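Undergrad: Before I ask anything, here is the structure I am working with.
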There are 2 protein chains.
Amino acid sequence: MRALVIHEGGRLVVEDRPVPEPAADQVLVRVTGAGINRADLLQRAGYYPAPPGAPPDIPGLEFAGVVEAVGSAVTHPCPGDRVMGIVAGGGQAEYVATAASHCARVPETLDIVEAGGVPEAFITAHDAMVVQGGLMTGQTVLVHAVASGVGTATLQLAQCLGATVVGTSRSKDKLERCVEMGLDHPVLAPSGFDPAALAGEITAAGGPVDVTVDLLGGPYLGVDVAAAGHKGRIVMVGLIAGARAELDMGMLLHKRLVVRGTVLRARPSDEKADATHLFEGQVVPLLARGTIRPVIDAVVPLAEAERAYDQVATDRTFGKVVLDLR
Amino acid sequence: MRALVIHEGGRLVVEDRPVPEPAADQVLVRVTGAGINRADLLQRAGYYPAPPGAPPDIPGLEFAGVVEAVGSAVTHPCPGDRVMGIVAGGGQAEYVATAASHCARVPETLDIVEAGGVPEAFITAHDAMVVQGGLMTGQTVLVHAVASGVGTATLQLAQCLGATVVGTSRSKDKLERCVEMGLDHPVLAPSGFDPAALAGEITAAGGPVDVTVDLLGGPYLGVDVAAAGHKGRIVMVGLIAGARAELDMGMLLHKRLVVRGTVLRARPSDEKADATHLFEGQVVPLLARGTIRPVIDAVVPLAEAERAYDQVATDRTFGKVVLDLR
């Protein structure tokens, strides 16, 4: 099979690799689409090695495709079924072998290539905002980098749940596109912002925040804590802007806040199955109905993967970039 | 009635004040004992004003005593019942009027004066470690300032729940007394400690920590994060050592930690009723059986309150100092 392989120095090369063998509880999927994530860029740069059990040099944390074969213990899904899911690595190849319990069905309404950009963003958004953040109807959600894949997924899910959304971005154009998608309160985050001032803009626009989905970290932690309302939940999902920041514990106690760190990739298999199950039950029906939709910036052939990676790195994309593996 | 009153400059004076009138849902309690807490010291120093509705100048966040009269809507407790509870202020007086739902019964086995040092420590410990920290049997608990009122309450409750306890203190003598009480792993916290080194000692002694009850804040946050195990919960209850510290969000994400800030005093009435109800159901039976006991350093007559406050401020007490209001 063709697979994208990370070479020394971060060069990306399409190589021929053996098709993986599915274990008893696994399915073999003929991959049609696989989204590119920031974590792939980190792995390419040598900072985020694949966990044990995942292919060490084939990137890709998500896939969509068609089941080609199933292990002896698998009753569901069946060969021919359209599925999508998250993997700890190896998604950017023509075939992946993955646990049957980590596969969700791809509804008719979704393109089978674009669906490869769905699982990571929507599972992360749902898990962070609903499962860990405990969002309730009528509450206020804050999303930084609202125009990203996870950002646009969080925005759409929050709207479905009857929440008010405040979204930040460093780009005015991106914010305008998010407003067209229904973003209630766009807030521009200029570079070198003052956390307290940005928090003031956020609460002036949308009131005290109940749930924050933070993909950036660094100085945004200070924004999150200052903008949070009583018993607010701050879920840290990414650290693109920095891994360390001062925490104002006075506010933490006074407002009775919760700050939670989360990752998907390193979770044990049973927890990934749980997250996939919740995604299939609570998010896939909304995708099937067209109430929410993946925001795809570009679909790029596997042969042009290097260009696609560079595109994601520019920070100029709106939503996801997906590799076409057909 | 006699009441302790904070005067200008923090002078404590016993004065005559009118006995409060219980509202329809309140009881009037003839107070026999009232513990002194760090928050009283802060209030005395002008840093922690009483919330609206509480007497502004009479300190005291907990009491024990005998119900003298009840409001028209109260069915329980009854006049003559021995009760204890937390209040937002005014506990250090001969009478308090408080919500009936904020009263728990004082079991026969407890001295009615010493019982005045029970509610704040044990409700805080139970709420932080069990309700918010989600402690399970067999897990490891870390308690800083283990020889304090909340510390010794946390230690004893953790033991009852089948947890392993690592306790820190800056005093070797206090740690020895805690070991006599059953502390599994004493760890000395020298002044000016290195957070990573202290965390290393903690995990070498007791393994990765599941639940941390942190009464100190400041540099202890770094200790908590470094010593935490996978999915550890850190509950910040006090900030004696500082209100700001750097948070290592890399570890937060990697270990999927939760950092939670909490206070009791400022909670709305229904949440105090909930906490009191859980305390009465889950902690009071253990006190009644003698499985756990309040650790009382001294019982001091109201007339000597100033000396008692100074005693708490020295940091040389072991457990609680309680004012005798009989």
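The values are calculated or read from the model by the stated rules, or taken from the named source; none is laboratory data. None of these values were measured; they are calculated from a predicted model. As a convention, Cβ positions derive from the backbone with ideal geometry for all residues, glycine included, and neighbour counts pool all protein chains shown. With ligands, DNA and RNA removed, areas are computed over all heavy atoms of the protein, side chains included. Shrake-Rupley method; radii C 1.70, N 1.55, O 1.52, S 1.80 Å.
Undergrad: Within segment A:23-33, does at least one residue satisfy the condition of being closer than 23 Å to B:Leu253 by Cα, buried (at least 23 other Cβ atoms within 10 Å of the Cβ) and either of a type outside the set (S, T, N, Q) or touching a helix residue (DSSP H, G or I) at 6+ places or on another chain (Cβ under 6 Å) (or both)? Please lay out each step first, then the result.
TA: Just the residues of segment A:23-33 that are closer than 23 Å to B:Leu253 by Cα, to begin with: none.
The answer is no, given that none of the residues of segment A:23-33 is closer than 23 Å to B:Leu253 by Cα, buried (at least 23 other Cβ atoms within 10 Å of the Cβ) and either of a type outside the set (S, T, N, Q) or touching a helix residue (DSSP H, G or I) at 6+ places or on another chain (Cβ under 6 Å) (or both).
Undergrad: Just checking, how many residues over segment A:238-277 are open to solvent by 30 Å² or more (accessible area, probe 1.4 Å) and more than 8 Å from chain B (Cβ to nearest Cβ)?
TA: Total meeting the criteria: 8.
Undergrad: Conditions: (1) out of contact with any helix residue (DSSP H, G or I) (no Cβ under 6 Å at 6 or more places or on another chain); (2) more than 27 Å from A:Ala266 (Cβ to Cβ); (3) open to solvent by 10 Å² or more (accessible area, probe 1.4 Å). B:Lys231 meets all but one. Number of the miss?
TA: Here B:Lys231 clears every test but (2).
Undergrad: If you don't mind, another one. Kindly evaluate A:Asp310 against the criterion of being within 14 Å of another protein chain (Cβ to nearest Cβ), acidic (Asp, Glu) and within 30 Å of A:Gly53 (Cα to Cα).
TA: Values: within 14 Å of another protein chain (Cβ to nearest Cβ): no; acidic (Asp, Glu): yes; within 30 Å of A:Gly53 (Cα to Cα): yes.
Against the criterion (within 14 Å of another protein chain (Cβ to nearest Cβ), acidic (Asp, Glu) and within 30 Å of A:Gly53 (Cα to Cα)), A:Asp310 does not qualify.
Undergrad: Name the residues in segment B:139-155 that are open to solvent by 10 Å² or more (accessible area, probe 1.4 Å), among the aliphatic types (A, V, I, L, M) and touching a Ser or Thr at 6+ places or on another chain (Cβ under 6 Å), would you?
TA: If the condition is that a residue be open to solvent by 10 Å² or more (accessible area, probe 1.4 Å), among the aliphatic types (A, V, I, L, M) and touching a Ser or Thr at 6+ places or on another chain (Cβ under 6 Å), then B:Val150 is the only one that fits.
Undergrad: Moving on to the next point. Given (1) hydroxyl-bearing (Ser, Thr, Tyr); (2) surrounded by fewer than 18 Cβ atoms within 10 Å (Cβ to Cβ); (3) modelled with pLDDT of 95 or more, identify the lone condition not met by B:Tyr48.
TA: (3)
Undergrad: Here's something else I'd like to know. Quick check on segment A:98-106. Is at least one of its residues of a type in the set (A, V, I, L, M), farther than 30 Å from A:Ala243 by Cα, part of a helix (DSSP H, G or I) and in contact with an Asp or Glu (Cβ under 9 Å, 6 or more places away or on another chain)? Quick ask: steps written out before the conclusion?
TA: Step one: filter segment A:98-106 for residues of a type in the set (A, V, I, L, M), giving A:99-100, A:104, A:106.
Now narrow it down to the ones that are farther than 30 Å from A:Ala243 by Cα: A:99-100, A:104, A:106.
Adding the requirement that they be part of a helix (DSSP H, G or I) leaves A:100.
From what's left, in contact with an Asp or Glu (Cβ under 9 Å, 6 or more places away or on another chain): A:100.
Yes, the conditions are met somewhere in segment A:98-106.
Undergrad: When segment B:279-295 is examined, which residues are found to be surrounded by 16 or more Cβ atoms within 10 Å (Cβ to Cβ) and in a helix (DSSP H, G or I)?
TA: The first filter runs over segment B:279-295 and keeps only residues surrounded by 16 or more Cβ atoms within 10 Å (Cβ to Cβ), leaving B:279-280, B:282-284, B:286-287, B:292-295.
Across segment B:279-295, the qualifying residues are B:Phe279, B:Glu280, B:Gln282, B:Val284, B:Leu286, B:Leu287.
Undergrad: Say whether the condition of being more than 8 Å from chain B (Cβ to nearest Cβ), crowded, with 17+ Cβ neighbours inside 10 Å, assigned to a strand (DSSP E or B) and not charged (D, E, K, R) is met by at least one residue in segment A:216-228.
TA: yes
Undergrad: While we're looking at this one, here's another question. Please determine, by comparing only the residues of segment B:296-326 that are among the hydrophobic types (A, V, I, L, M, F, W, C) and part of a helix (DSSP H, G or I), which one is surrounded by the fewest Cβ atoms within 10 Å (Cβ to Cβ). Outline the logic, then answer.
TA: Within segment B:296-326, the first condition is being among the hydrophobic types (A, V, I, L, M, F, W, C), and the residues that meet it are B:296, B:298-300, B:302-303, B:305, B:308, B:312-313, B:318, B:321-323, B:325.
From the residues that got through so far, the ones that are part of a helix (DSSP H, G or I) too are B:302-303, B:305, B:308, B:312-313.
Numbers: B:Leu302: 20, B:Ala303: 12, B:Ala305: 23, B:Ala308: 25, B:Val312: 22, B:Ala313: 14.
So the residue we want is B:Ala303.
Undergrad: So A:Ser169 clears everything in (1) over 28 Å from A:Glu21 (Cα atoms); (2) surrounded by fewer than 22 Cβ atoms within 10 Å (Cβ to Cβ) except one condition, right? Which one?
TA: (2)
Undergrad: Now for a different question. Among (1) surrounded by fewer than 24 Cβ atoms within 10 Å (Cβ to Cβ); (2) under 25 Å from B:Ala64 (Cα atoms), which single condition is B:Met136 missing?
TA: Evaluating B:Met136 over (1) surrounded by fewer than 24 Cβ atoms within 10 Å (Cβ to Cβ); (2) under 25 Å from B:Ala64 (Cα atoms) leaves (2) as the failure.
Undergrad: I need every pair where a residue in segment A:64-84 that is more than 14 Å from A:Val106 (Cα to Cα) has its Cβ under 6 Å from the Cβ of a residue that is open to solvent by 60 Å² or more (accessible area, probe 1.4 Å), sequence separation at least 6 or different chains.
TA: Short answer, once both residue conditions are applied: A:Gly71/A:Asp25; A:Ala73/A:Asp25.
Undergrad: Applying the selection to segment A:87-109, what residues are open to solvent by 20 Å² or more (accessible area, probe 1.4 Å), over 17 Å from A:Ala275 (Cβ atoms) and not hydroxyl-bearing (Ser, Thr, Tyr)?
TA: Scanning segment A:87-109 gives A:Glu94, A:Ala97, A:Glu108.
Undergrad: While we're here: Any chance segment B:189-200 includes a residue that's within 14 Å of another protein chain (Cβ to nearest Cβ) and crowded, with 20+ Cβ neighbours inside 10 Å? Write out each step before concluding.
TA: Our first condition is that a residue be within 14 Å of another protein chain (Cβ to nearest Cβ); within segment B:189-200, this holds for B:195-196.
Cutting the leftovers down to crowded, with 20+ Cβ neighbours inside 10 Å gives us B:195.
Within segment B:189-200 (the criterion being within 14 Å of another protein chain (Cβ to nearest Cβ) and crowded, with 20+ Cβ neighbours inside 10 Å), the answer is yes, since at least one residue qualifies.
Undergrad: Right, A:Thr203: open to solvent by 10 Å² or more (accessible area, probe 1.4 Å), out of contact with any Asp or Glu (no Cβ under 6 Å at 6 or more places or on another chain), more than 18 Å from A:Glu62 (Cβ to Cβ) and touching a residue at least 24 places away in the same chain (Cβ under 8 Å) or not? Explain how you work it out, then say what you get.
TA: Details: open to solvent by 10 Å² or more (accessible area, probe 1.4 Å): yes; out of contact with any Asp or Glu (no Cβ under 6 Å at 6 or more places or on another chain): yes; more than 18 Å from A:Glu62 (Cβ to Cβ): yes; touching a residue at least 24 places away in the same chain (Cβ under 8 Å): yes.
Here the answer is yes, as A:Thr203 does meet what is asked.
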